[in-house]
Amino acid sequence: MAMMKDQGRVQLITIKEDGGHQITPTFLSEECYKEAVGGFILVTADIIIINREKKSILLGKRTQNPVKGEWWFMGGRRQAGAWQMEAVAKNFRKETGLEMPRDRFQFLTQVEWFFARREQEPQDAGSHNLLFLYTIDLADEEIATIKLEGAGFDHEAGLQVFDRDRVNAECRPEIRWLYGLIFFGLLPQEAWYI
């Protein structure tokens, strides 16, 4: 059993029974995955890059649904059998090119999200997702080494810095809430306009 703690309270518990079984992730064809998106809750391991000292976050412009055209954070699906922190580190490396120690990622919250759109047809059918959100606090020198590699991001726009004013002006309400949670500990109803 693995537990992650934040300020003395348990945030996330992972239990793996000893049974000699091994879950082998299976790659689904596009057609099969399209059906799965309509029948299952998708679980993701997502990361918001922050600079706590400057109270800023880094976001990339999405080129794929479910949030095409929006400023968004890093992350992606979690494969069956992968430990949560393994998935977080892998998704971060896949999208930024940076290999970071797992203890640099801090659990933020879990969000159940019903997206209105999805990448697979029919796109307007949406998807039901369970996001496990983490933060990683990077120094300017570390941020400078990021190479945006994620397939779902606009590489020309790159990762951009969002302070409080820019988050309020350009981001979805949910991103404003997450910003408020990260830097001010605000609950959703308190953070729509921070």
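The values are calculated or read from the model by the stated rules, or taken from the named source; none is laboratory data. Given the structure is predicted, the values throughout are model-derived calculations rather than measurements. FYI the Cβ positions are ideal-geometry reconstructions off the backbone, even for glycines, and counts take in every protein chain you see. Remember, those area values only see protein heavy atoms, side chains included, never the ligands or the DNA or RNA. Shrake-Rupley method; radii C 1.70, N 1.55, O 1.52, S 1.80 Å.
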Pick from the range 99-110, criterion touching a strand residue (DSSP E or B) at 6+ places or on another chain (Cβ under 9 Å) and open to solvent by 20 Å² or more (accessible area, probe 1.4 Å), ranking: farthest from Gly76 (Cα to Cα): Arg104
Members of the range 156-173 found to be in a helix (DSSP H, G or I), open to solvent by less than 60 Å² (accessible area, probe 1.4 Å) and within 20 Å of Arg52 (Cα to Cα), listed by number: Arg166, Val167, Asn168
Residue that is most open to solvent (accessible area, probe 1.4 Å) [pool: residues in the range 135-155 that are free of Cβ contacts under 8 Å to residues at least 12 places away in the same chain and part of a loop (DSSP other than H, G, I, E, B)]: His155
Condition check for Glu95: among the charged types (D, E, K, R) and surrounded by fewer than 16 Cβ atoms within 10 Å (Cβ to Cβ): no
